[in-house]
Amino acid sequence: MIKDVRGFFSIDALFAFLLLIAISTALLNAASSEQQIAEQTAEVQNKNMVVEKIAAAINSVYVNGSELTLTFSLPENIMETDYIVRGNSENRVIFAENSEEIARAQVIPKNFGNFELGPENLENKIQVYWKDDIILVKSK
């Protein structure tokens, strides 16, 4: 006697399907968090490169004397986020910051003028030069 079977339901199949969904969700969450960590690391590295580039320019101009003028460009934004670069001669530190993170680099001389370069300045070339025994950092 064969009965007419219209549908078949297995609790094992349902359990396997739910287990598959749980594992897939866990893997997607792990991949998403890894991507966020990679983006944050890239942003920090880019800010560090910016402050190191400015610090190296200030140090080079200081070491080479008043004849040297360096001109270079910096990225307008980092990871599509605006940032500000500041120089503090009292602490001999260069900062790059946005709303979340700060990168910093030390410089050799104390005789540089305090400066602030915002997004409107970073689209232009940056110039580091001597003027009246002070190293200046300006946007051209």
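FYI, it's all coordinate maths here, none of it is from the lab. Note that this is a predicted model, so its numbers are computed, not measured.
Data for the structure
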quantity	calculated
Identity of the residue in segment 83-138, under 18 Å from the mean Cα position of the chain (by Cα) and aromatic (Phe, Trp, Tyr), that ends up nearest to SER73 (Cα to Cα)	TYR83
Selection from segment 87-128 of residues that are within 21 Å of GLN40 (Cα to Cα) and in a strand (DSSP E or B)	ILE94, PHE95, ALA96, GLU97, ILE102, ALA103, ARG104, ALA105
